[in-house]
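The structure appears below as structure tokens.
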Amino acid sequence: MATGSVRGPGRRPRGLRALGAVLALGLAAVALTACTPDDGDPTVAEPGYQEGNGAFTTWSPAERPDAPAIAGVDFAGEAVDVADWRGQVVVLNFWYAACPPCRAEAPDLAEISQEYTGDVQLLGINGTDDAATADAFAQTYGITYPSLDDGDASAVAALEGLVPLRAMPTTVVLDREGRPAARIVGLASKITLSGLIDDVLAEG
């Protein structure tokens, strides 16, 4: 398992090797507030805010957990089943509209969904907002990918141990077999998430 962080803007690298090069250049730190537990333990389901730094965790193919079963209905009333996207890389983004870092990362997620069309499927997961609030958020930030209505927290339960119940945003990258390959707890910067996606795509 590998961990790391990216702090600051820059040209999108290809993979984590390029990310390491960016880190070595000493990009300026950006202080961002993330809706993560106060005690710093990302597995504890408690509300609170602390500074987020774009920290990520990756799992090699040999150590990845089994593919979670995530299915339900999106805010447009359409059925969604992540299993239908086997063969693609899937990015799950846990968010809610009133979360400041969720709003901060939304434009980057919208861009990523367009740049990786055909190779990567994004899915928002929101257990807090109603359909009107979620739709207004999507229109504001130009988000065209669906968001699952997770009012029963079934998607969080499917990723128990990987996604904290109230740590928002959290982003999980699933490989082509549907297994968790990487996770970002806190704001997902474009440079970090793109690098993680590129690595999983390169696995073939």
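The values are calculated or read from the model by the stated rules, or taken from the named source; none is laboratory data. What you see is a predicted model; the values in this text were computed from it and never measured. Using ideal geometry, Cβ is built from the backbone for each residue, glycine included, and neighbour counts are taken over all protein chains shown. The accessibility values were calculated without ligands, DNA or RNA, using every heavy atom of the protein model including side chains. Shrake-Rupley method; radii C 1.70, N 1.55, O 1.52, S 1.80 Å.
Per-structure values
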{"read-out": "Residue among Gly87, Gly77 that is farther than 18 Å from Asp199 by Cα and either out of contact with any helix residue (DSSP H, G or I) (no Cβ under 7 Å at 6 or more places or on another chain) or not acidic (Asp, Glu) (or both)", "value": "Gly77"}
{"read-out": "Leu122 vs. criteria under 24 Å from Arg64 (Cα atoms), in a strand (DSSP E or B) and touching a Pro at 6+ places or on another chain (Cβ under 9 Å)", "value": "yes"}
{"read-out": "Leu193 vs. criteria open to solvent by less than 20 Å² (accessible area, probe 1.4 Å) and within 11 Å of the chain's Cα centre (by Cα)", "value": "yes"}
{"read-out": "Boolean, Ala67 is closer than 14 Å to Ile143 by Cβ, open to solvent by 20 Å² or more (accessible area, probe 1.4 Å), in contact (Cβ under 8 Å) with a residue 12 or more places away in the chain and not in a helix (DSSP H, G or I)", "value": "no"}
{"read-out": "Residues (open to solvent by less than 20 Å² (accessible area, probe 1.4 Å) and of a type in the set (Lys, Arg)) located in segment 142-166", "value": "none"}
{"read-out": "Number of positions in segment 177-188 that are more than 10 Å from the chain's Cα centre (by Cα) and open to solvent by less than 30 Å² (accessible area, probe 1.4 Å)", "value": "3"}
